[in-house]
Structure formats: structure tokens, C-alpha cells
1. Of the conditions (1) under 19 Å from residue B:69 (Cα atoms); (2) in contact with a Phe, Trp or Tyr (Cβ under 8 Å, 6 or more places away or on another chain), residue A:53 fails just one. Which one is it?
2. List every residue pair whose Cβ atoms lie under 9 Å apart, where the two residues are 6 or more positions apart in sequence or sit on different chains, the first residue falls within region F:23-40 and is of a type in the set (S, T, N, Q), and the second residue, located anywhere, is in a loop (DSSP other than H, G, I, E, B).
3. Residues that are at pLDDT below 95: list the helices (runs of 4 or more DSSP H) wholly contained in chain A that include at least 2 such residues.
4. If you scan region D:4-21, which residues turn out to be polar (S, T, N, Q) and under 17 Å from residue D:74 (Cβ atoms)?
5. Limited to region F:48-71, what total is found for residues that are more than 8 Å from chain E (Cβ to nearest Cβ) and either open to solvent by 40 Å² or more (accessible area, probe 1.4 Å) or in contact with a strand residue (DSSP E or B) (Cβ under 8 Å, 6 or more places away or on another chain) (or both)?
6. Picking from C:33, C:45, which residue would you name as being farther than 20 Å from residue C:73 by Cβ, facing another protein chain (nearest Cβ under 7 Å) and open to solvent by 50 Å² or more (accessible area, probe 1.4 Å)?
7. Based on what the data block shows, is residue C:30 within 20 Å of residue B:43 (Cβ to Cβ) and of a type in the set (Lys, Arg)?
8. Which of the residues belonging to region B:6-26 are facing chain A (nearest Cβ under 7 Å) and touching a Phe, Trp or Tyr at 6+ places or on another chain (Cβ under 9 Å)?
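The values are calculated or read from the model by the stated rules, or taken from the named source; none is laboratory data. Everything quoted here is computed from the prediction, not taken from an experiment. For neighbour counting, all protein chains shown are included, and Cβ atoms are generated from backbone atoms with ideal geometry for every residue, glycine included. In case anyone asks, the SASA skips ligands and DNA or RNA and just uses the protein heavy atoms, side chains included. Shrake-Rupley method; radii C 1.70, N 1.55, O 1.52, S 1.80 Å.
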Number of protein chains: 6
Amino acid sequence: MVDSWLPSLLTETPEEGFALATKLARVGVKSTQPDAEVRERLRPQYAEDPNSLIASSQVIAINFQTIAAANAYWRD
Amino acid sequence: MVDSWLPSLLTETPEEGFALATKLARVGVKSTQPDAEVRERLRPQYAEDPNSLIASSQVIAINFQTIAAANAYWRD
Amino acid sequence: MVDSWLPSLLTETPEEGFALATKLARVGVKSTQPDAEVRERLRPQYAEDPNSLIASSQVIAINFQTIAAANAYWRD
Amino acid sequence: MVDSWLPSLLTETPEEGFALATKLARVGVKSTQPDAEVRERLRPQYAEDPNSLIASSQVIAINFQTIAAANAYWRD
Amino acid sequence: MVDSWLPSLLTETPEEGFALATKLARVGVKSTQPDAEVRERLRPQYAEDPNSLIASSQVIAINFQTIAAANAYWRD
Amino acid sequence: MVDSWLPSLLTETPEEGFALATKLARVGVKSTQPDAEVRERLRPQYAEDPNSLIASSQVIAINFQTIAAANAYWRD
């Protein structure tokens, strides 16, 4: 498990949970386009396209639902 | 934790919960495009495009699902 | 709380719940484009674009999931 | 309640639940474009556009999640 | 119930559940475009458009959430 | 069950769960476009289109919600 990029869905705080959701969104992209160079080359395209940015935020939001549920919403 | 932008998912009221959902949507955009100047420059593009506005409302809706569940729907 | 636009997620009936979901969708748009005049000007664009209408219905559907869960699906 | 278009989320069977999900999707469209004549005029546009059809199916799927949960998945 | 296309959300296995999710996605399309001939004519358009294929996979994923929950994730 | 591509939603770790979610997304595409040659031919189109990559990540995120819930978020 030492090298796992996702050893657990549990985080200390909501903020770390949101960061993990962002990571999941990126790994989702990576699993379709594994070439880091290509992803880097595409960055200006989506980073300046408002609709791409909104869509990215949506993927993060969906992943954050999962992470937040896993952490029982950090209620305790 | 003092400087956390997301110390908790709990809010006093549904209205504050909706505002927090809106904030999450914005932070999701920011995590892909961290440059505030670029985001500001893109604003007229999406703020006058109905489809971008609907998509933004959708990201807020997804985040509001998370916040509302965290708050047990403010039932008490 | 007197002036809150969202004092509660609870409604008497499913029909009122659906109306509230529609309201949340509109407030989501408003939070990105607060200028009522601009929103009014954009209306013909999306009100006659089937894809915008379907997307709007989707945002309402997502919000209705939240409202319906909050009301325990009005089962009682 | 006599004239409510949505007196309940409960249905006898999954099939009726799916039909109700379809109805919710249509009412969602109607709430943004209340003019039946306009909606009728737009029909050929989306009924022959595969992406509109897939998007419509998605809105139905989201509404069906709500209806199915309300009915405890018709498990009994 | 004999002729119901959806007598139950329960399936023996996850694989059959995924097949049922696919069926729900197709019925969702059918409910908007009931003419089989038109749907057949549109097939080449979406079957060779990667974005349509991804969108179709998304509708299946949403329906699979419903089916999987109905089956308590086939945990037993 | 020997030949099932989806014998179970349970995985040992979150990382394997994410891989399974990716697989579900691909099978979803395959169920609409079963011809492997066509899918291979389309790959360059979506693998270099940032919006397709974000959409793919979204489908994975939705499937990961299902897998994570099935595994009780690997909390134990």
C-alpha cells in the first residue's frame, strides 16, 4: 500500500477532503490521457475556457460528494 | 485551522448552506485556474452566456446536495 | 430570518418541493449573474434553445433530489 | 390537492416510477419555457439530435433516482 | 405486470444490473424519440462521436447508481 | 460467473475501486459502440480534447460514487 496514490478516502478536515476531490478529478483525466506532456500542452485550452473551468468544478463537486460521505461530513 | 477556507460543512441556515455551495463551486474553478486576473478576464464570457450560467447553477446544486446532507437538511 | 429567501427545505407537498427546486436553480444562476437586466436580456436565447431547456430541467432535477430527501419523500 | 400534477412520488411499480420521472423532466422544461406552442416548435430540433436525446435521458435518470429512492426501490 | 419492460430493479448479479442500467438509458431516449426508425437513422451520428459516447456512458452510470442501491450493492 | 466482467463491486482498496470505476466508464462506452476498431479510431479525438477528458473524468467520478458506497467507503 506504500505507493498507493489513494490509500484512504478519510481526511482530517473538509479542506483536505476538497483537495482530495480535486486530485480524484485529475486522476480521472490521467486515466484517459496518461501522457503528461499532452495534458500539459492542453492546459492553456481549458484553463482559459470558462465552460471547461465550470465542468472541472463539477467533477470536483461530484468527487467531493463521495469524500464528504466517506468522512461522515466531518461532523464529529 | 485558523486560516482554513472550509473549516466545516455545517451552517446555521439553508440560506448560508446555499452560499457555501456557491463558494465551493468557485473554489473548484480556482483550483483549475488559480490566476485571479485570468478568471476576472473570463467573467464577461460566462456571465452573459446562458449555458454557462445554467452549468454554474448545476455545480452549485451538486455542492448544495453535499452541504444539505451534512446539515441533515436543517430539519431540527 | 424574516427576509431569508430559503428559510427551510421543507414543503407541504411534492409539488411545492418541485417549485422550490426550480427556485434554487434560478438563484444558482443569479449568484453568477446578479444583474436582473442581463438575465432578462438572455432569456430569449435559452428559452428557445432546446439544449438549454433540457439543461435547466437537469438543474431542477438535481435540486429536487435534495428537497425530496429533506422531506423524506413526503412519505408520511 | 385535487388538481396537483404531483400529488405523490409513490407509484405501484418501477415502470410507473420511470414514467413519473419522465414527467418530472418535462415539467422541468415547462417551468423554463411555459409556452406550449414554442415547446412544440422546438421538438423536431431535439427529437432528431442524438445529443439532446442523450441529455433528456440523463434528466430522466436523475429524476428516476429520486422516485426510486422515494419508493424504497419497490423492494417489498 | 406480464408485459412490463421494468418489472423490478433487482438483478441476480452486478453485471445484469449494469445491463439493466443500459436498458434504462435507452428507454429514456425512446421516451423522447419514440420512432425506432429515426433512432436507427441517428445511430451513426452518436456511435462515432466520442462526446456522445461519453455522455451515453454517463447516463448509464447514473442509472447504475439507482440499480446498485436497489440491490444493496449485491453485498450479500 | 466465471466469465463475468463484473463479478462484484467490492474491492480491497480505494485505489482498486477507482480502477473499477474507470472500467465501468469504459464498458458504458462499449455498450453504445461495441466495435473495438471504431473506438480505437476515435481515441485521438477525445484523448486530445480537454472537454472530452473532463467529461470522462466525470463519468468515472459518478461510477466511483457507486463503488465507494458499495464498499462502505473502505472505512473498516
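1. Here residue A:53 clears every test but (1).
2. F:33/E:48
3. The qualifying helices (runs of 4 or more DSSP H) are A:36-47.
4. So in region D:4-21, the residues polar (S, T, N, Q) come out as D:4, D:8, D:11, D:13.
The answer is D:8, D:11, D:13.
5. Qualifying residue count for the region: 1.
6. Testing whether each residue is farther than 20 Å from residue C:73 by Cβ, facing another protein chain (nearest Cβ under 7 Å) and open to solvent by 50 Å² or more (accessible area, probe 1.4 Å) leaves just C:45.
7. Yes.
8. B:6, B:8, B:9, B:24
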